[in-house]
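Structure record follows, encoded as structure tokens.
The values are calculated or read from the model by the stated rules, or taken from the named source; none is laboratory data. Please read all numbers here as calculations on a predicted model, not as lab measurements. Glycine gets a Cβ as well: all are built from the backbone with ideal geometry, and neighbour counts include every protein chain shown.
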Amino acid sequence: MNVLLKTCDVIDTVIQKICRIVLYATTVVLFLVLTINVFLRYLLGNSLSSAGEIPELIFPWLVMAGVVLAAQHGSHIAISWFVDKLTDSMRKVVAVLNCAILVAAYSALAWGTYTLMPIVSDERTQVLKVPSSVTYSCMLIAFVFLVVTSLTQMARLFVSKAPAPPAMNISEAV
């Protein structure tokens, strides 16, 4: 059981590091592009032709990385008002059911996104000519990460003797 918990920790740490890198990198790039565009517009009366497309390509990556990080901290989908009223054993059952529902839902979303990839790869942005599959790939990666995160949370619940905490923060249950 200890090996399972350590494996879950390693998997969650890798996902967390990837998401944080994406979060930081996209935030910096967005800030730089928008700042440069503002300076060019007001100082030179001209702007970057790609200034509108770059945020459209990068912002979904920022959002999806944030969603995965929120899910890892138990604050993505919170049902605490209901769970707080349950007994410890029922709280654990609800937490496991919640994880199972999330695995099913995110698996379906990942599959749906995967099946759309050939279609959206033909669409390109006007200025940069980047395929739309770049944006869709962030969704696919995030959905896979969310499935894995839900599975690691479920594994922790099965192994842990402690009840699920009231706020559904599964990482505290261990």
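Below are the figures for this structure:
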| read-out | value |
| --- | --- |
| Pairs where the first residue, in region 89-109, is touching a residue at least 12 places away in the same chain (Cβ under 8 Å) and in a helix (DSSP H, G or I) and the second is surrounded by fewer than 16 Cβ atoms within 10 Å (Cβ to Cβ) and not hydrophobic (A, V, I, L, M, F, W, C), C-beta under 8 Å, 6+ apart | 91/166 |
| Meets criteria (surrounded by fewer than 15 Cβ atoms within 10 Å (Cβ to Cβ) and closer than 16 Å to residue 138 by Cα) for residue 20 | yes |
| Total residues in region 23-51, condition in a loop (DSSP other than H, G, I, E, B) and either touching a Cys at 6+ places or on another chain (Cβ under 7 Å) or without any contact (Cβ under 8 Å) to a residue 12 or more places away in the chain (or both) | 3 |
| Count of residues meeting criterion [of a type in the set (A, V, I, L, M), at pLDDT below 85 and more than 17 Å from the chain's Cα centre (by Cα)] in region 45-85 | 4 |
| Only one of 69, 57 that is free of Cβ contacts under 8 Å to residues at least 60 places away in the same chain and among the hydrophobic types (A, V, I, L, M, F, W, C) | 69 |
| Any hit, region 94-108, residues being closer than 21 Å to residue 59 by Cα, buried (at least 16 other Cβ atoms within 10 Å of the Cβ) and not basic (Lys, Arg) | yes |
| Hey, residue 85 of a type outside the set (A, V, I, L, M, F, W, C), exposed (fewer than 13 other Cβ atoms within 10 Å of the Cβ) and either touching an Asp or Glu at 6+ places or on another chain (Cβ under 8 Å) or more than 18 Å from residue 147 (Cβ to Cβ) (or both) or not | yes |
| Test for residue 80: is it among the hydroxyl-bearing types (Ser, Thr, Tyr) and surrounded by fewer than 17 Cβ atoms within 10 Å (Cβ to Cβ) | yes |
